[in-house]
Amino acid sequence: MKTLKRFVLVGAPASGKGTQSSFLSDTYDLKPLSTGALLRAEIAAGSELGMEAKKYMDAAMFVPDEVVNGIVAKWLGENKDCGCLLDGYPRTVSQAETLDANLSQMGMEVDIVVYLNVALELIQARMLKRKACPKCGETTRNGEETCPKCGTEMIVRSDDNPEAFAKRWKDYESLTVPVIEHYQAQGKVVEIKVTEEGEPADVSARIAAAIRAYAEK
Ligand code: AMP
């Protein structure tokens with residue numbers, strides 16, 4: 001039975017990473033880091049990092065690798081002893097190589113990559129109804145006005161519009177799909193295919209079954 005402590009969650013924009021990140025962190029006692037949510041919180045706080053990141057995020061571009069790598073390396077150093085879940089990182093092969101090297105220096109490695117492979121039609125429909133909490137990072141699918149977790153007023157993300165989405169999808173395919181291949185070559189990927197819209201809890205149950213099978217392999 002494998003011991004799983006370092007999880008990566010990967011999937012296209014609006015593939016349900018936020019929802020499944022909450023499930024994974026609760027179920028496997030993991031501390032989550034969503035780089036997107038952290039950057040949105042920095043923007044909301046008006047910090048220097050937030051202002052820098054905003055330029056890229058408003059243009060639906062990836063924030064430069066050095067900036068994101070720095071944030072994650074610091075966070076990993078502060079959370080060496082916990083099980084952890086990276087959501088939305090690594091997003092480029094260069095980020096994956098940096099992550100592997102940083103973990104290796106600490107005597108660790110990525111233990112498992114959970115890949116949410118959601119059909120493009122579902123993603124497009126979800127993105128139009130999606131809202132995000134600028135404070136805690138919670139995302140919802142049904143246009144909720146306030147955050148179900150912390151009560152903050154929800155926002156429509158500036159990058160959730162058809163033009164920005166098309167750009168983000170293209171970047172996902174050209175830059176992030178190779179990250180999945182990078183970890184497939186290491187035998188670390190469990191893939192969950194979602195082809196029909198359904199309950200997030202059903203996807204969670206499939207993830208849990210796939211993780212169990214992977215751990216027992
Ligand atoms: P997300 O909430 O994961 O969809 O991320 C929202 C936005 O934050 C992305 O479109 C990027 O602009 C930025 N971002 C989040 N994570 C990363 C990352 N690992 N590398 C580069 N940019 C990122």
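In Å and on Cα atoms, what radius of gyration and Dmax does segment 93-132 show?
Rg, Dmax (Cα atoms, Å): 16.0, 42.
What is the sum of charges around I155, taking Lys and Arg as +1, Asp and Glu as -1, for the other residues whose C-beta is under 12 Å from the C-beta of I155?
Result for the local shell: -1.
Can you give the Rg/Rh ratio of segment 165-217, where Rg is from the C-alpha atoms and Rh is the Kirkwood radius?
Checking Rg against Rh, the ratio lands at 1.05.
Of all the Cα-Cα pairs you can form in segment 59-217, what percent are over 28 Å apart?
When every Cα pair of segment 59-217 is considered, 28 percent fall beyond 28 Å.
Write out the GluC sites (Glu not before Pro) in segment 135-187 meeting two conditions: DSSP loop, and at most 10 other Cβ atoms within 10 Å of their Cβ.
Sites meeting the loop and neighbour criteria: E145.
Taking the Cα atoms of segment 129-198 alone, what are Rg (to one decimal) and Dmax (as a whole number) in Å?
15.7, 43
Against the empirical 2.2 N^0.38 Å scaling, what ratio does the C-alpha Rg of segment 1-59 come to?
Here the answer is 1.37, to two decimals.
Restrict the search to segment 14-101; then list the trypsin sites (Lys or Arg not before Pro) that DSSP places in a loop and that have at most 12 other Cβ atoms within 10 Å of their Cβ.
Filter output for segment 14-101: K80.
Going down the table (K129/K193; K17/K149; K135/K167; K31/K74; K80/K131), which pairs top 23 Å between alpha carbons?
Long pairs (Cα-Cα over 23 Å): K135/K167; K80/K131.
Measuring from label point to label point, each 7 Å out along Cα→Cβ, what is the R206 to E153 span in nm?
Reported label-point gap for R206 and E153 is 3.7 nm.
All of the numbers you see were taken from the coordinates with simple rules; none came from a lab. Just so we're clear, the structure is a prediction, and the values are computed from it rather than from any experiment. Neighbour counts run over all protein chains shown; Cβ positions are idealised from the backbone, glycine included.
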